[in-house]
Amino acid sequence: MKAEVVIIMGSKSDLEFSSRIAKALESFGIRCVMRVASAHKTPEKVLEIVREYKEAVFITVAGRSNALSGFVDANTTSPVIACPPYSSKFSGMDVLSSLRMPSGVSPLVVLEPENAALAAAKILALKNEGLRKKVEEYQEKKRMEIEEADREVFH
């Protein structure tokens, strides 16, 4: 399947979180696929996926020690968005493994699933006028939600 976005999960336990990203991508009309591969346990499989979808935007979903995002980024020229699921274990400090990358490795880090999808949509919208309009409509909808909230609370 030709995909515009590939969501790579470090394990199947990330499926529920990743499904939220996929649903948000779907709302923009963006084709995506979800795959499971671990930089620690199945690095060759990760490389196969990166090669198979070399023209896609990648969203990586891995918690704990997030080697997946950096590993994918180091092996592609495509954009990589790290969207690590938040964990209350370690007081959420495991997110630091997504933030501190070595030189030459630059996955973007976006913590909310809907925002990771929005970031991917904006990247793809650079070369897709129809998608750019959908992003603009989404942003206008969000602005209108704030305006409505203000009307509800302002007396």
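Over all pairs of different C-alpha atoms, segment 1-75 has a mean inverse distance whose reciprocal, the Kirkwood radius, equals 12.2 Å. With all pairs of different C-alpha atoms in the average, the Kirkwood value for the hydrodynamic radius of segment 75-130 is 12.8 Å.
When each of CYS83, CYS32 is scored by the number of other beta-carbon atoms lying within 10 Å, the sequence from fewest to most is CYS32, CYS83. Amide H to amide H, with H built 1.01 Å from N, VAL57 comes under 5 Å of VAL5, VAL6, counting only residues 5 or more places away or on other chains. Mind pulling the angle between the C-alpha long axis of helix 43-52 and the longest principal axis of the chain? Nearest 10 degrees, somewhere in 0 to 90. Compared with the principal axis, the helix lies near 60 degrees.
Among GLU129, GLU112, which comes first, second and so on when ranked by fewest other beta-carbon atoms within 10 Å?
On the way: GLU129 7, GLU112 14.
In order of increasing Cβ crowding within 10 Å: GLU129, GLU112.
Between the amide H of ALA82 and those of THR60, LEU108, VAL109, VAL110, distances stay under 5 Å, these residues lying 5 or more places away or on another chain, with hydrogens modeled in the peptide plane. Compute the long axis of helix 113-125 from its Cα atoms, compare it with the longest principal axis of the Cα atoms of the chain, and write down the angle in degrees, 0 to 90, nearest 10. Roughly 90 degrees, rounded to the nearest 10.
Would you mind checking the pairs LYS2/LYS127; LYS45/LYS134; LYS54/LYS89; LYS12/LYS89; LYS23/LYS141; LYS41/LYS89 and listing those with alpha carbons more than 24 angstrom apart?
Details: LYS2/LYS127 17 Å; LYS45/LYS134 34 Å; LYS54/LYS89 34 Å; LYS12/LYS89 19 Å; LYS23/LYS141 17 Å; LYS41/LYS89 22 Å.
Result: LYS45/LYS134; LYS54/LYS89 exceed 24 Å.
Separation of segment 15-63 and segment 125-155, taken as the distance between their Cα centroids, equals 27 angstrom.
Relative contact order (percent) for the chain, with alpha-carbon contacts under 8 angstrom and 6 or more residues of separation?
On the way: 249 pairs, mean separation 34.7, N = 155.
Relative contact order here is 22 percent.
Most exposed first by the Cβ proxy, i.e. fewest other Cβ within 10 Å, how do MET93, MET34 rank? Mind dumping the intermediate values first?
Working: MET93 9, MET34 18.
With the fewest neighbours first, MET93, MET34 line up as MET93, MET34.
Equivalent-ellipsoid semi-axes for the chain (Cα gyration tensor, √(5λ), whole Å, largest first): 28, 20, 13.
Please give me, ordered by residue number, the GluC sites (Glu not before Pro) of segment 4-97 that lie in loop per DSSP and have at most 12 other Cβ atoms within 10 Å.
Working: sites: GLU4, GLU16, GLU26, GLU44, GLU48, GLU52, GLU55; in loops: GLU4, GLU55.
Counting only loop positions with at most 12 other Cβ atoms within 10 Å, the GluC sites (Glu not before Pro) in segment 4-97 are GLU55.
Calculate how steeply helix 129-153 sits against the longest principal axis of the alpha-carbon atoms of the chain, using the helix alpha-carbon long axis, and give the answer as 0 to 90 degrees to the nearest 10. It works out to around 50 degrees.
Since every read-out is calculated from the coordinates, none of them should be taken as a lab result. Values in this document were obtained by computation on a predicted structure and should not be read as measured data. Using ideal geometry, Cβ is built from the backbone for each residue, glycine included, and neighbour counts are taken over all protein chains shown.
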